[in-house]
């Protein structure tokens, strides 16, 4: 059975009960969830990388190197969105969810739309009001 690796920007301490990170590139860490057969099989944590080293693409490359296939995000700029698309990572919009577990459940239920340019911001941490 195929597995899917999902990353969710998270606040400390991470995990399914953690609050969602407001902006994928500036989150404290990522909660990484392995989904098999439509159910959560494994939960782990992945530290974020410094945003300054490699700019907006540093977190994109970091997640790709760790096998992430889907990112649930509430805010990001157009450049990283394009980077995720080039890396073959699907980005879905998690706006409206407050906790990591809630976002994962919404994903499993097919309630999260694909992240499009309408959800992008100008970059930076000013999207903090979102997810």
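The values are calculated or read from the model by the stated rules, or taken from the named source; none is laboratory data. Everything numeric here is computed off the predicted structure, so don't read it as measured data. When we count neighbours, we look across all protein chains shown, and the Cβ atoms used for this are built from the backbone with ideal geometry, even at glycine.
Picking from residues in region 48-60 that are touching a strand residue (DSSP E or B) at 6+ places or on another chain (Cβ under 9 Å) and in a loop (DSSP other than H, G, I, E, B), the one that is farthest from residue 6 (Cα to Cα) is 56.
A quick yes/no check of all residues on (1) under 17 Å from residue 63 (Cα atoms); (2) modelled with pLDDT of 95 or more; (3) touching a strand residue (DSSP E or B) at 6+ places or on another chain (Cβ under 9 Å); (4) in a helix (DSSP H, G or I):
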{"site": "79", "(1), (2), (3), (4)": "yes, no, no, yes"}
{"site": "83", "(1), (2), (3), (4)": "yes, no, no, yes"}
{"site": "91", "(1), (2), (3), (4)": "yes, yes, yes, no"}
{"site": "96", "(1), (2), (3), (4)": "no, no, no, no"}
{"site": "102", "(1), (2), (3), (4)": "no, yes, yes, yes"}
{"site": "106", "(1), (2), (3), (4)": "no, yes, yes, yes"}
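Checking 71, 45, 63 one by one, the residue that is in a strand (DSSP E or B), touching a strand residue (DSSP E or B) at 6+ places or on another chain (Cβ under 9 Å) and without any contact (Cβ under 8 Å) to a residue 60 or more places away in the chain is 45 and no other.
Every residue, every condition in (1) at negative phi; (2) buried (at least 17 other Cβ atoms within 10 Å of the Cβ); (3) at pLDDT 90 or above, yes or no:
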residue: 55; (1), (2), (3): no, no, no
residue: 64; (1), (2), (3): yes, yes, yes
residue: 67; (1), (2), (3): no, no, yes
residue: 73; (1), (2), (3): yes, yes, yes
residue: 88; (1), (2), (3): no, no, yes
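Counting only residues that are touching a helix residue (DSSP H, G or I) at 6+ places or on another chain (Cβ under 7 Å) and at pLDDT below 95, which one in region 10-29 is nearest to residue 59 (Cα to Cα)? Selected residue: 25.
Residues in region 34-53 that are farther than 21 Å from residue 16 by Cα and modelled with pLDDT of 95 or more: how many? Residues that pass the stated criteria total 0.
Return the residues of region 20-42 that are crowded, with 17+ Cβ neighbours inside 10 Å and not in a loop (DSSP other than H, G, I, E, B); say none if nothing qualifies. Within region 20-42, 20, 24, 25, 26, 29, 30, 31, 32, 33, 35 qualify.
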